[in-house]
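These notes are about the structure you will find just below.
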Amino acid sequence: MDDVYVGNAGVDGAAEGGWLLGHFLPADDPRHSTEVEVKWGVHPPGQARSRWATGERRTALLVLVSGRFRVEFRDRTVVLGEPGDYVLWGRGVDHTWYAERESVLLTVRWPSVPGYRVAPPVVR
């Protein structure tokens, strides 16, 4: 395995829904990890998660690069509206999301565990 990998988030993530690093990449790929997942998410306006994430076993951090993005929890809604705004939640926190405007986000989740793939996001 090479010790250095150089790529482009938009290009490399296209095959995995924006995900650049995680358990779902081949074991011999330097981006394979069971410890962390990283996503470069590009979301058109009106795009929403296809269903609520429940029974979460990971911690997640979403950082807004551009746009306006809403993350909904059972007890509150968080709007990321300025570049650099972020939200972090832990295990057991149900959530869903909605792109109020075209949005780019960097997402980090840990650990990287199988079983969370859902249908692709929908545009409302």
| query | What Rg and what Dmax come out for the range 44-124 when only alpha-carbon atoms are used, in angstroms? | reply | 12.1, 32
| field | Computed [θ] at 222 nm, helices only, for the chain once each DSSP H run of length n ≥ 4 contributes -39500 (n - 2.57) | value | -500 deg cm²/dmol
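Among rounded, prolate and oblate, which fits the range 83-124 when a ≥ b ≥ c are the square roots of the eigenvalues of its C-alpha gyration tensor, a/c under 1.5 means rounded, and a/b larger than b/c means prolate?
oblate
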| said: Just want the answer: with Cβ charges of +1 for Lys and Arg and -1 for Asp and Glu, which residue in Trp52, Ala9, Val42 is farthest toward the dipole's positive end in the chain? | reply: Trp52
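Taking R0 as 22 Å, what FRET efficiency do you get between Asn8 and Val63 from their Cβ-Cβ distance, rounded to the nearest 0.05?
About 0.75, to the nearest 0.05.
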| field | Estimated distance in nm for a label pair at Glu16 and Thr96, the labels positioned 7 Å out from Cα along Cα-to-Cβ | value | 2.7 nm
| request: Using label points projected 7 Å from each Cα along Cα→Cβ, tell me how many nm separate Asp28 and Trp110, to one decimal. | output: 2.8 nm
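Every number in this text was worked out from the coordinates using simple rules, so none of it is lab data. Being a predicted model, the structure only gives us computed values, none of them experimental. Reconstructed Cβ throughout: ideal geometry from the backbone, glycine too, with neighbour counts over all protein chains shown.
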